[in-house]
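**Q** Structure in structure tokens, see below.
The values are calculated or read from the model by the stated rules, or taken from the named source; none is laboratory data. The structure presented is a predicted model; accordingly, all values stated were derived computationally and were not measured. So basically every Cβ, Gly included, is an ideal-geometry build from the backbone, and we count neighbours across all protein chains shown. Each accessible area value is taken on the protein alone, full model and side chains, heavy atoms only, with ligands, DNA and RNA left out. Shrake-Rupley method; radii C 1.70, N 1.55, O 1.52, S 1.80 Å.
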Amino acid sequence: MAETKSKLDSYYSKHYDERQLISRYRISFETMWLTLILIFISGMFKVFYGPWAADNTEMMVLLSLPTTYFAVRAVWKGAYFSIQQKSYTWTIVSFTFVGLLNLAAFIISIINGGTVIENGILSENLFQFFLALPFLALVITYAVKKIMSKNEEDEEPDE
Amino acid sequence: MTKNLKIKAARAAKDMTQKDLAEAVGVTRQTMNAIEMGDYNPTLNLCISICKVLGKTLDELFWEE
């Protein structure tokens, strides 16, 4: 094959197989459009109605939703984890820990009298919630996929 | 796409699991499963790798009448 691969291409080729790469390219493209659409909607809302969230919450929403979309779709398609990764346990445990830690921080702030909406916009308290979202969504998707694909293991009866 | 039962049969004849074959050709088990289920159309390079591991020709595994 002609040497037209960039270093980045070579890196991805080593870590993901051809089906995973195609899935990741497709999902990345969808994620890019989702990001653009969310930024556009956010911008239009601010132009016509004013702010809809605290500054840091707004940033986290615009980062969190596309990240969650990519993670969930990629895990579901079996294209998230590298082929070189023999065990996903450490990744899943650490993602669960980070997700739950941020979710707990959000819940504690609400228990301590924080609110989700302040002065008609999403409050800063939601920052932690949207930080937890991609991690927990990834872990839940992985768990559901794992349970569902048990039937698809090699010893499966012919469907 | 139709299921590729020829790969499954050749794999079974060699007493290999999907995971074994996937590792031998450098892909994930999900990819191997997708090929057998007819959900993914592999590249020629991957077809050749599968044929080499299973000791079959491209015709024997991938030719559809």
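**Q** Going through the stretch B:1-31 one residue at a time, which ones are closer than 20 Å to A:SER23 by Cβ and without any contact (Cβ under 8 Å) to a residue 24 or more places away in the chain?
**A** Hits for the stretch B:1-31 are B:GLN18, B:LYS19, B:ALA22, B:GLU23, B:GLY26, B:VAL27, B:THR28, B:ARG29, B:GLN30, B:THR31.
**Q** From the list B:ALA13, B:ALA9, which residue is of a type outside the set (S, T, N, Q), over 11 Å from the mean Cα position of the chain (by Cα) and at pLDDT below 95?
**A** B:ALA13
**Q** Quick check on A:TRP33: is it touching a strand residue (DSSP E or B) at 6+ places or on another chain (Cβ under 6 Å) and either modelled with pLDDT of 95 or more or within 14 Å of another protein chain (Cβ to nearest Cβ) (or both)?
**A** Answer is no for this residue.
**Q** May I pose another question? For the stretch A:101-124, which positions are in contact (Cβ under 8 Å) with a residue 60 or more places away in the chain, open to solvent by less than 50 Å² (accessible area, probe 1.4 Å) and under 22 Å from the mean Cα position of the chain (by Cα)?
**A** Selection gives A:LEU122, A:SER123.
**Q** Condition (residue is open to solvent by 90 Å² or more (accessible area, probe 1.4 Å), of a type in the set (Phe, Trp, Tyr), within 14 Å of another protein chain (Cβ to nearest Cβ) and at negative phi) applied to the stretch A:56-77: is it met by at least one residue?
**A** Checked against the condition, which is being open to solvent by 90 Å² or more (accessible area, probe 1.4 Å), of a type in the set (Phe, Trp, Tyr), within 14 Å of another protein chain (Cβ to nearest Cβ) and at negative phi, the stretch A:56-77 yields at least one hit.
**Q** With the structure loaded, tell me whether B:LYS56 is open to solvent by 40 Å² or more (accessible area, probe 1.4 Å), in contact with a helix residue (DSSP H, G or I) (Cβ under 7 Å, 6 or more places away or on another chain), among the charged types (D, E, K, R) and within 11 Å of chain A (Cβ to nearest Cβ) or whether it fails that test.
**A** When the stated conditions are applied, B:LYS56 does not pass them.
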